[in-house]
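For reference, the structure is listed below as structure tokens.
No value in this document is a laboratory result; all are computed from the given coordinates. What you are looking at is a predicted structure, and each value in this text was computed from that prediction instead of being measured. Cβ placement follows ideal geometry from the backbone for every residue including glycine, while neighbour counts extend to all protein chains displayed.
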């Protein structure tokens, strides 16, 4: 994992996006971590990140853990509910 200041990331953003394919890149501001660049290799990676970081997904995980999830929704509907544009 690489740790770099925000000013450097701004100057070389494309290079750090490429580096994030190898390992996450932690971005700092005034010496404190403020963000992380993580490569999204497959569409499923994005869906997993959205589930983990979106408050609307909490009830989904509780239902899934209890085993009461039945059926499902198409990916487009899932993204609409989370208010996320599709990745092309």
ask   = Among rounded, prolate and oblate, which fits segment 15-54 when a ≥ b ≥ c are the square roots of the eigenvalues of its C-alpha gyration tensor, a/c under 1.5 means rounded, and a/b larger than b/c means prolate?
value = oblate
remark   = Going from the fewest other Cβ atoms within 10 Å to the most, one would list 14, 20 as 14, 20
